[in-house]
Amino acid sequence: MISAFLATIDAEEQAKNGPWINTTAYSIPIYEVPASQPVLTVHLSGSVNPALSAAWHSVPLPKTAEPAAGTDGDLMIWQPSTNKLWEFWRLVHGATGWHASWGGAMDDVSTAQGAYGPEAWPDAQTSWGISASSMSLAGGLITLEDLADGEIDHALEMAIPGIRSGVFASPAQRSDGRNDAAAALPEGAHLQLNPALNLESLHLAPFTLMLARAAQRYGIFVTDGSPIATFYAQDPDPTGSNPYAGANGYFDGEYPDQLLATFPWSQLQLLSMELHSTG
(Lines give C-alpha, C1' and ligand atoms only; values in the text may rest on other atoms or scores of the structure.)
Protein backbone atom coordinates (compact mmCIF):
# COMPACT_ATOMS: atom_id res chain seq x y z
CA MET A 1 0.00 0.00 0.00
CA ILE A 2 2.82 2.39 0.83
CA SER A 3 4.56 1.55 -2.43
CA ALA A 4 1.40 2.33 -4.39
CA PHE A 5 0.95 5.60 -2.49
CA LEU A 6 4.57 6.60 -3.11
CA ALA A 7 4.06 5.90 -6.82
CA THR A 8 1.15 8.36 -6.75
CA ILE A 9 3.28 10.99 -5.02
CA ASP A 10 6.09 10.45 -7.54
CA ALA A 11 3.68 10.82 -10.47
CA GLU A 12 2.36 14.10 -9.06
CA GLU A 13 5.88 15.42 -8.56
CA GLN A 14 6.82 14.45 -12.12
CA ALA A 15 3.69 16.16 -13.46
CA LYS A 16 4.38 19.20 -11.21
CA ASN A 17 0.77 19.31 -10.02
CA GLY A 18 1.21 18.12 -6.43
CA PRO A 19 1.30 17.19 -3.66
CA TRP A 20 -0.36 20.34 -2.34
CA ILE A 21 -1.56 22.24 0.74
CA ASN A 22 -5.00 23.84 0.44
CA THR A 23 -5.23 27.26 2.10
CA THR A 24 -7.30 30.01 0.49
CA ALA A 25 -9.46 27.67 -1.64
CA TYR A 26 -10.97 24.25 -0.93
CA SER A 27 -9.91 24.48 2.69
CA ILE A 28 -11.69 25.32 5.94
CA PRO A 29 -12.42 28.80 7.29
CA ILE A 30 -13.22 28.55 11.01
CA TYR A 31 -15.29 31.29 12.63
CA GLU A 32 -14.74 31.35 16.39
CA VAL A 33 -17.81 32.99 17.90
CA PRO A 34 -18.66 34.23 21.43
CA ALA A 35 -21.55 33.08 23.59
CA SER A 36 -23.41 36.28 22.65
CA GLN A 37 -23.37 35.54 18.90
CA PRO A 38 -26.96 35.74 17.54
CA VAL A 39 -28.27 32.47 16.12
CA LEU A 40 -30.00 31.75 12.82
CA THR A 41 -31.22 28.76 10.87
CA VAL A 42 -29.17 27.08 8.16
CA HIS A 43 -31.52 25.18 5.86
CA LEU A 44 -30.59 21.74 4.51
CA SER A 45 -30.90 21.71 0.72
CA GLY A 46 -31.37 18.72 -1.56
CA SER A 47 -31.72 16.15 1.23
CA VAL A 48 -34.17 15.20 3.95
CA ASN A 49 -32.52 14.59 7.31
CA PRO A 50 -34.64 15.80 10.25
CA ALA A 51 -31.84 15.33 12.80
CA LEU A 52 -29.36 17.42 10.82
CA SER A 53 -31.98 20.08 10.13
CA ALA A 54 -32.71 20.23 13.86
CA ALA A 55 -28.99 20.60 14.64
CA TRP A 56 -28.89 23.57 12.27
CA HIS A 57 -31.98 25.29 13.66
CA SER A 58 -30.00 27.64 15.93
CA VAL A 59 -26.49 28.21 14.59
CA PRO A 60 -24.32 31.12 15.84
CA LEU A 61 -23.30 31.98 12.28
CA PRO A 62 -22.10 35.55 11.65
CA LYS A 63 -24.11 37.21 8.87
CA THR A 64 -20.87 38.30 7.22
CA ALA A 65 -19.36 34.78 7.15
CA GLU A 66 -17.83 33.63 3.86
CA PRO A 67 -17.47 29.95 2.90
CA ALA A 68 -14.23 28.77 1.32
CA ALA A 69 -13.60 29.54 -2.33
CA GLY A 70 -14.29 26.60 -4.63
CA THR A 71 -17.27 24.41 -5.35
CA ASP A 72 -17.19 22.72 -1.93
CA GLY A 73 -17.96 25.98 -0.12
CA ASP A 74 -16.91 24.61 3.28
CA LEU A 75 -17.19 26.56 6.53
CA MET A 76 -17.01 25.75 10.24
CA ILE A 77 -18.34 27.51 13.32
CA TRP A 78 -16.68 26.92 16.67
CA GLN A 79 -18.22 28.25 19.87
CA PRO A 80 -15.84 27.62 22.80
CA SER A 81 -18.38 28.74 25.43
CA THR A 82 -20.75 25.90 24.49
CA ASN A 83 -18.04 23.49 23.28
CA LYS A 84 -19.92 23.03 19.99
CA LEU A 85 -18.88 22.85 16.35
CA TRP A 86 -20.96 23.15 13.19
CA GLU A 87 -19.64 22.35 9.72
CA PHE A 88 -21.21 22.98 6.33
CA TRP A 89 -20.67 21.80 2.76
CA ARG A 90 -21.74 24.04 -0.12
CA LEU A 91 -22.89 26.78 2.20
CA VAL A 92 -24.58 29.69 0.41
CA HIS A 93 -26.49 32.80 1.43
CA GLY A 94 -29.42 33.83 -0.74
CA ALA A 95 -32.71 35.68 -0.70
CA THR A 96 -34.29 33.04 1.54
CA GLY A 97 -31.41 32.85 4.02
CA TRP A 98 -28.54 30.42 4.58
CA HIS A 99 -28.53 26.99 2.93
CA ALA A 100 -26.06 24.10 2.85
CA SER A 101 -26.12 20.78 1.02
CA TRP A 102 -24.60 18.70 3.85
CA GLY A 103 -22.45 18.87 6.98
CA GLY A 104 -22.76 18.14 10.67
CA ALA A 105 -22.82 19.39 14.23
CA MET A 106 -20.70 18.18 17.13
CA ASP A 107 -21.18 18.64 20.87
CA ASP A 108 -18.47 18.33 23.55
CA VAL A 109 -15.86 19.00 20.87
CA SER A 110 -12.92 19.09 23.28
CA THR A 111 -13.48 15.43 24.21
CA ALA A 112 -15.19 14.12 21.05
CA GLN A 113 -13.57 11.33 19.02
CA GLY A 114 -13.61 13.58 15.96
CA ALA A 115 -15.84 11.42 13.77
CA TYR A 116 -19.59 11.58 13.36
CA GLY A 117 -21.91 9.07 14.93
CA PRO A 118 -24.63 8.86 17.61
CA GLU A 119 -22.35 10.28 20.32
CA ALA A 120 -21.54 13.46 18.37
CA TRP A 121 -24.97 15.09 18.65
CA PRO A 122 -28.51 13.94 19.47
CA ASP A 123 -29.57 11.55 16.70
CA ALA A 124 -26.37 12.21 14.72
CA GLN A 125 -25.59 9.69 12.01
CA THR A 126 -22.37 8.26 10.61
CA SER A 127 -23.23 9.87 7.27
CA TRP A 128 -22.79 13.38 8.70
CA GLY A 129 -19.76 15.57 8.03
CA ILE A 130 -18.23 17.43 5.10
CA SER A 131 -15.61 14.74 4.49
CA ALA A 132 -16.33 11.45 2.73
CA SER A 133 -15.04 9.60 5.82
CA SER A 134 -17.32 11.43 8.31
CA MET A 135 -14.16 12.48 10.17
CA SER A 136 -14.38 16.17 11.03
CA LEU A 137 -11.75 18.08 9.06
CA ALA A 138 -11.21 20.27 12.11
CA GLY A 139 -9.21 17.47 13.69
CA GLY A 140 -6.25 17.36 11.31
CA LEU A 141 -6.37 20.92 10.06
CA ILE A 142 -3.11 22.91 10.21
CA THR A 143 -4.40 25.92 12.12
CA LEU A 144 -3.19 29.49 12.25
CA GLU A 145 -2.61 28.95 15.95
CA ASP A 146 -0.33 25.98 15.15
CA LEU A 147 1.71 28.13 12.78
CA ALA A 148 1.95 31.03 15.23
CA ASP A 149 3.23 28.58 17.87
CA GLY A 150 5.69 27.02 15.43
CA GLU A 151 4.42 23.52 16.28
CA ILE A 152 1.60 21.27 15.08
CA ASP A 153 0.63 19.41 18.22
CA HIS A 154 -1.83 16.94 16.66
CA ALA A 155 -2.26 14.51 13.79
CA LEU A 156 -2.52 15.74 10.22
CA GLU A 157 -5.17 14.94 7.65
CA MET A 158 -4.78 14.32 3.96
CA ALA A 159 -7.05 13.84 0.97
CA ILE A 160 -5.64 11.51 -1.69
CA PRO A 161 -6.60 10.17 -5.12
CA GLY A 162 -7.63 6.57 -5.73
CA ILE A 163 -9.38 5.82 -2.43
CA ARG A 164 -10.02 2.10 -1.98
CA SER A 165 -13.58 0.93 -2.52
CA GLY A 166 -15.65 -1.36 -0.32
CA VAL A 167 -13.91 -0.74 3.00
CA PHE A 168 -12.91 1.98 5.45
CA ALA A 169 -10.66 2.00 8.50
CA SER A 170 -11.53 3.29 11.96
CA PRO A 171 -11.96 6.11 12.94
CA ALA A 172 -13.58 6.72 9.52
CA GLN A 173 -17.29 5.95 9.45
CA ARG A 174 -17.84 5.63 5.70
CA SER A 175 -16.14 5.96 2.32
CA ASP A 176 -16.73 7.14 -1.24
CA GLY A 177 -13.78 5.14 -2.60
CA ARG A 178 -14.02 3.72 -6.11
CA ASN A 179 -10.63 2.06 -6.53
CA ASP A 180 -10.81 -1.74 -6.52
CA ALA A 181 -7.04 -2.21 -6.24
CA ALA A 182 -6.05 -4.12 -3.09
CA ALA A 183 -3.05 -1.81 -2.63
CA ALA A 184 -5.19 1.36 -2.53
CA LEU A 185 -5.42 3.18 0.80
CA PRO A 186 -8.90 3.32 2.39
CA GLU A 187 -10.55 6.25 4.14
CA GLY A 188 -9.29 6.38 7.73
CA ALA A 189 -5.86 4.90 6.96
CA HIS A 190 -3.25 6.12 9.46
CA LEU A 191 0.25 6.83 8.15
CA GLN A 192 3.29 7.72 10.24
CA LEU A 193 6.82 8.82 9.48
CA ASN A 194 9.43 6.37 10.71
CA PRO A 195 9.93 7.26 14.42
CA ALA A 196 13.66 6.53 14.11
CA LEU A 197 14.16 9.10 11.34
CA ASN A 198 16.40 12.01 12.37
CA LEU A 199 14.44 14.95 10.98
CA GLU A 200 17.02 17.53 12.02
CA SER A 201 19.56 15.91 9.70
CA LEU A 202 17.35 16.58 6.67
CA HIS A 203 17.66 20.40 6.89
CA LEU A 204 14.03 20.95 5.93
CA ALA A 205 12.35 24.32 5.51
CA PRO A 206 10.59 25.44 8.74
CA PHE A 207 7.08 24.68 7.48
CA THR A 208 8.10 21.30 6.05
CA LEU A 209 9.84 20.44 9.31
CA MET A 210 6.67 21.25 11.27
CA LEU A 211 4.69 18.91 9.04
CA ALA A 212 7.28 16.15 9.35
CA ARG A 213 7.41 16.43 13.14
CA ALA A 214 3.63 16.13 13.39
CA ALA A 215 3.62 13.21 10.94
CA GLN A 216 6.27 11.47 13.04
CA ARG A 217 4.65 12.11 16.43
CA TYR A 218 0.95 11.78 15.59
CA GLY A 219 0.68 10.59 12.00
CA ILE A 220 -1.46 11.46 9.00
CA PHE A 221 -5.07 10.29 8.59
CA VAL A 222 -6.64 9.83 5.17
CA THR A 223 -9.92 11.71 5.53
CA ASP A 224 -11.13 12.28 1.98
CA GLY A 225 -10.60 11.77 -1.71
CA SER A 226 -8.98 14.38 -3.94
CA PRO A 227 -7.53 14.66 -7.46
CA ILE A 228 -4.07 15.10 -5.89
CA ALA A 229 -2.59 14.38 -2.46
CA THR A 230 -3.49 17.38 -0.32
CA PHE A 231 -2.95 18.60 3.22
CA TYR A 232 -5.32 21.20 4.67
CA ALA A 233 -4.25 24.45 6.32
CA GLN A 234 -6.82 26.78 7.84
CA ASP A 235 -8.41 29.18 5.37
CA PRO A 236 -7.41 32.66 6.63
CA ASP A 237 -10.34 34.50 5.02
CA PRO A 238 -11.99 35.45 8.36
CA THR A 239 -8.77 37.29 9.34
CA GLY A 240 -8.78 39.47 6.24
CA SER A 241 -5.21 38.56 5.31
CA ASN A 242 -3.13 35.75 3.82
CA PRO A 243 -0.32 34.79 6.23
CA TYR A 244 0.93 32.01 3.93
CA ALA A 245 1.98 34.16 0.96
CA GLY A 246 4.97 36.40 0.42
CA ALA A 247 8.61 36.28 1.44
CA ASN A 248 7.66 36.75 5.11
CA GLY A 249 4.72 34.34 5.03
CA TYR A 250 4.59 30.87 6.54
CA PHE A 251 5.49 29.35 3.16
CA ASP A 252 8.68 31.46 2.92
CA GLY A 253 7.77 32.64 -0.57
CA GLU A 254 7.44 29.12 -1.97
CA TYR A 255 4.52 27.17 -3.40
CA PRO A 256 3.12 24.17 -1.46
CA ASP A 257 4.52 21.64 -3.96
CA GLN A 258 7.99 23.14 -3.47
CA LEU A 259 7.70 22.80 0.31
CA LEU A 260 6.51 19.20 -0.01
CA ALA A 261 9.21 18.20 -2.50
CA THR A 262 11.60 17.65 0.42
CA PHE A 263 9.06 15.96 2.70
CA PRO A 264 10.45 12.46 3.49
CA TRP A 265 7.63 10.55 1.81
CA SER A 266 9.71 7.38 1.47
CA GLN A 267 9.87 7.08 5.27
CA LEU A 268 6.10 6.76 5.69
CA GLN A 269 4.70 3.64 7.31
CA LEU A 270 1.13 2.34 7.40
CA LEU A 271 -0.14 1.56 10.88
CA SER A 272 -2.39 -1.40 11.65
CA MET A 273 -5.96 -0.88 10.45
CA GLU A 274 -9.37 -1.98 11.76
CA LEU A 275 -11.26 -2.38 8.49
CA HIS A 276 -15.02 -2.28 8.01
CA SER A 277 -17.08 -3.09 4.95
CA THR A 278 -19.12 -0.33 3.34
CA GLY A 279 -21.80 -2.92 2.68
Cβ-based net charge around W89, under 12 Å, with every Lys or Arg adding one and every Asp or Glu removing one: -3
message: In whole percent, and with a 1.4 Å probe on the protein chains, what portion of the accessible area of the chain is carbon and sulfur?
response: 51
task: Quick one: divide the alpha-carbon radius of gyration of segment 1-86 by 2.2 N^0.38 Å and tell me what you get.
output: 1.52
task: Using only Cα atoms, locate the centre of segment 1-34 and the centre of segment 250-279, then give the distance between them in Å, rounded to an integer.
output: 8
task: Give me Rg over Rh for the chain, both radii from the alpha carbons and Rh done the Kirkwood way, two decimal places.
output: 0.96
- request: Would you mind classifying segment 54-162 by shape? Square roots of the alpha carbon gyration tensor eigenvalues, ordered a ≥ b ≥ c; an a/c under 1.5 is rounded, otherwise it is prolate if a/b is larger than b/c and oblate if not.
  value: rounded
- prompt: Among T239, W86, M210, whose Cα lies farthest out toward the positive end of the dipole of the chain, if unit charges sit on the beta carbon of Lys, Arg (+1) and Asp, Glu (-1)?
  reply: W86
- line: One finds, for R178 and K63 with R0 = 45 angstrom and r their Cβ-Cβ distance, a FRET efficiency to the nearest 0.05 of 0.70
message: What does the charge count around E32 come to, taking other residues whose C-beta lies under 14 Å from its C-beta (Lys +1, Arg +1, Asp -1, Glu -1)?
response: -3
- prompt: segment 66-84 to segment 184-244: how many Å between their Cα centroids?
  reply: 21
query: Mean separation of Cα pairs under 8 Å and 6+ residues apart, divided by the residue count of the chain: what relative contact order is that in percent?
result: 22
Structure-based [θ]222 nm, the chain - -39500 (n - 2.57) summed over DSSP H runs of at least 4, per residue, nearest 500: -4500 deg cm²/dmol
task: Any chance you could give the angle, 0 to 90 degrees and rounded to 10, that helix 206-217 forms with the longest Cα principal axis of the chain?
output: 80
message: Compute the helix-to-body angle for 2-15: its Cα long axis versus the longest principal axis of the chain, expressed 0 to 90° and rounded to tens.
response: 90
field: Whole-number percent relative contact order across segment 85-229, with pairs defined as alpha carbons under 8 Å at least 6 apart
entry: 22
Per residue value of the accessible surface for the chain (all protein chains in place, 1.4 Å probe), Å²: 45
query: Which distance in nm do the two modelled labels at L271 and N242 give, with both placed 7 Å along the Cα-to-Cβ direction?
result: 3.5
- prompt: Using a Gaussian network model of the chain with C-alpha springs under 10 Å, which one of A215, A132, A196 is most mobile by mean-square fluctuation?
  reply: A196
- prompt: What length, rounded to one decimal in nm, is gained on full extension from N83 through to L40, with 0.36 nm per residue of separation minus their alpha-carbon distance?
  reply: 13.7 nm
- request: Work out the length of the dipole vector of segment 166-279 about its Cα centre, built from +1 on the beta-carbon of each Lys and Arg and -1 on the beta-carbon of each Asp and Glu, and round it to the nearest 20 debye.
  value: 280
task: Take every DSSP beta bridge with both residues inside the chain and express the antiparallel ones as a percent of the total, to the nearest 5.
output: 60
task: Would you mind getting the Kirkwood hydrodynamic radius of segment 225-279 from its Cα pairs, rounded to one decimal in Å?
output: 14.7
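The values are calculated or read from the model by the stated rules, or taken from the named source; none is laboratory data. Computed from a prediction, not measured in an experiment: that's the story for all the values here. All Cβ positions, even for glycine, are placed from backbone atoms using ideal geometry, and neighbour counts span all protein chains on display. Each accessible area value is taken on the protein alone, full model and side chains, heavy atoms only, with ligands, DNA and RNA left out. Shrake-Rupley method; radii C 1.70, N 1.55, O 1.52, S 1.80 Å.
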